[in-house]
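Novice: There's a structure below that I have some questions on.
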Amino acid sequence: MTTMTTPGSTATDLHAVARQMTAGGRGILAADESIRTMSQRLEAAGVPASETARRDYRQLLLTAPALADSVSGIILSDETFGQSLTDGRSFPVAARELGILPGIKVDTGTVPCPGVEDALLTQGLDGLDDRLESYAARGAAFAKWRAVISVETLVPQVAEANAAALAGYAAACQRHGIVPIVEPEVLATGSHDLVASAKATRMILEAVFTELDRAGVDLGGIVLKPNFVTPGLDSRQVSARTVATVTYDVLRATVPGVVPGIAFLSGGHPTARVTAALTEMNRIEAAPWALTFSFGRALVNDALATWEGRPAHVSAAQKALVANCEAAAAATR
């Protein structure tokens with residue numbers, strides 16, 4: 001059983017949890033889809049959507065045998081965080097007993113960014129301190145807030161507004177002894193090229209670290225969750241080595257070395273593609289941060305398709321999940 005670190009209000013605790021989340025050849029499983037999104041994915045897989053079905057699916061993921069060998073933490077939605085497994089244990093308690101840190105998504109979605117057509121601003125700061133106090137009391141080790149950035153609509157105003165919200169969230173998390181995952185995602189949807197992706201990623205990361213500094217956030221107690229720098233999904237793709245080289249150059253220019261770990265999102269890319277990119281990233285010996293994964297769809301899609309809501313398929317679905325997690329974990333070593 002993996003030794004667990006209980007988060008607290010001190011910098012030492014935050015630093016230890018952030019390192020535990022990203023080091024040691026393990027990564028973070030994102031299972032935090034909203035009720036609406038999760039219901040849509042269940043129905044697309046032929047599973048009637050319900051609160052029980054969503055619980056059963058997340059239970060399947062969390063209780064997969066030996067999941068803790070490759071997964072350090074699991075991000076949950078508010079609904080799942082408040083649910084219990086069929087054996088009566090709450091999800092946060094069960095996660096810790098299984099050697100996995102429980103995390104919680106705390107943003108409340110996006111709204112139009114004022115003054116910029118089609119750009120989005122993530123919200124959720126209202127009442128956040130009260131929610132974080134409750135999550136901490138129920139065992140949350142870390143939290144997540146996702147900023148949604150489109151290459152086509154990114155201008156300094158959008159970058160600064162989303163960065164300020166991320167910084168406010170991160171500072172609030174640390175006040176409650178919770179490690180913040182800072183996720184500024186430059187979306188891979190579209191037909192933009194590699195240069196445009198690199199420019200957008202650099203712009204948002206520069207804004208994020210400016211605002212984190214301004215908010216007094218302890219960078220040793222955060223986890224950064226960025227996108228790989230890639231062409232848009234509708235464009236011709238480049239080699240994993242090229243993705244790794246360009247991504248590293250952008251990160252090295254924007255992310256201070258004191259950040260303990262970077263956990264990449266998959267962004268809709270196929271499992272093999274993001275795993276290959278992560279493998280190449282970890283071949284760069286000079287990287288000052290631990291480089292790991294925080295994938296969602298890339299890890300769980302096979303499990304959901306295999307499960308189909310049938311109890312007899314749970315074991316096969318769990319094997320599909322663990323195989324994907326092991327492949328992602330191997331890319332960190």
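Novice: List the strands (runs of 3 or more DSSP E) that sit entirely inside region 95-156 and contain at least 1 residues that are free of Cβ contacts under 8 Å to residues at least 60 places away in the same chain and over 20 Å from ARG202 (Cα atoms).
Specialist: Per the criteria, 101-105, 110-112, 142-149.
Novice: Has region 101-124 got at least one residue that is closer than 30 Å to ALA331 by Cα, of a type outside the set (Asp, Glu) and surrounded by fewer than 19 Cβ atoms within 10 Å (Cβ to Cβ)?
Specialist: no
Novice: Checking PRO48 against (1) assigned to a loop (DSSP other than H, G, I, E, B); (2) under 17 Å from the mean Cα position of the chain (by Cα), only one condition comes out false. Which one?
Specialist: Of the numbered conditions (1) assigned to a loop (DSSP other than H, G, I, E, B); (2) under 17 Å from the mean Cα position of the chain (by Cα), the odd one out for PRO48 is (2).
Novice: Still on this structure: Please go through region 278-297 and give me each residue that is surrounded by 24 or more Cβ atoms within 10 Å (Cβ to Cβ) and either free of Cβ contacts under 8 Å to residues at least 40 places away in the same chain or part of a helix (DSSP H, G or I) (or both), ordered by number.
Specialist: LEU278, MET281
Novice: Then there is this: Pick from region 25-43 the residues that are among the charged types (D, E, K, R) and over 17 Å from the mean Cα position of the chain (by Cα): which of them is surrounded by the most Cβ atoms within 10 Å (Cβ to Cβ)?
Specialist: Across region 25-43, the extreme among qualifying residues is ARG41.
Novice: May I pose another question? Scan region 161-170 and tell me whether some residue there is out of contact with any strand residue (DSSP E or B) (no Cβ under 6 Å at 6 or more places or on another chain) and over 18 Å from LYS225 (Cα atoms). Show your work before the answer.
Specialist: Narrowing region 161-170 to residues out of contact with any strand residue (DSSP E or B) (no Cβ under 6 Å at 6 or more places or on another chain): 163-164, 167-168.
This time we only want the ones that are over 18 Å from LYS225 (Cα atoms), so: none.
No, there is no match, as no residue in region 161-170 is out of contact with any strand residue (DSSP E or B) (no Cβ under 6 Å at 6 or more places or on another chain) and over 18 Å from LYS225 (Cα atoms).
Novice: Looking at (1) surrounded by fewer than 23 Cβ atoms within 10 Å (Cβ to Cβ); (2) within 30 Å of ASP234 (Cα to Cα), which one does ALA137 not meet, given that it meets all the others?
Specialist: So ALA137 meets the others, but not (2).
Novice: Right, next: How many of the residues in region 15-45 are more than 26 Å from THR306 (Cα to Cα) and either part of a helix (DSSP H, G or I) or among the aromatic types (Phe, Trp, Tyr) (or both)?
Specialist: 8
Novice: Going by what's in this entry, would PRO7 be described as at pLDDT below 95, buried (at least 19 other Cβ atoms within 10 Å of the Cβ) and under 20 Å from LYS144 (Cα atoms)?
Specialist: yes
Novice: Related question: Only one residue in ALA159, ALA171 is assigned to a helix (DSSP H, G or I), out of contact with any Cys (no Cβ under 6 Å at 6 or more places or on another chain), more than 30 Å from GLY139 (Cβ to Cβ) and not acidic (Asp, Glu), so which one is that?
Specialist: Values: ALA171 fails: more than 30 Å from GLY139 (Cβ to Cβ).
When all the criteria are applied, what remains is ALA159.
Novice: Can you tell me which residues in region 288-325 are of a type in the set (Lys, Arg) and at pLDDT 95 or above? Outline the logic, then answer.
Specialist: Going residue by residue through region 288-325, those that are of a type in the set (Lys, Arg) are 297, 310, 319.
ARG310, LYS319 - these are the residues of region 288-325 that are of a type in the set (Lys, Arg) and at pLDDT 95 or above.
The values are calculated or read from the model by the stated rules, or taken from the named source; none is laboratory data. All values derive from a computational prediction rather than experimental measurement. Cβ coordinates were reconstructed from backbone atoms using ideal geometry, including for glycine residues, and neighbour counts include every protein chain displayed.
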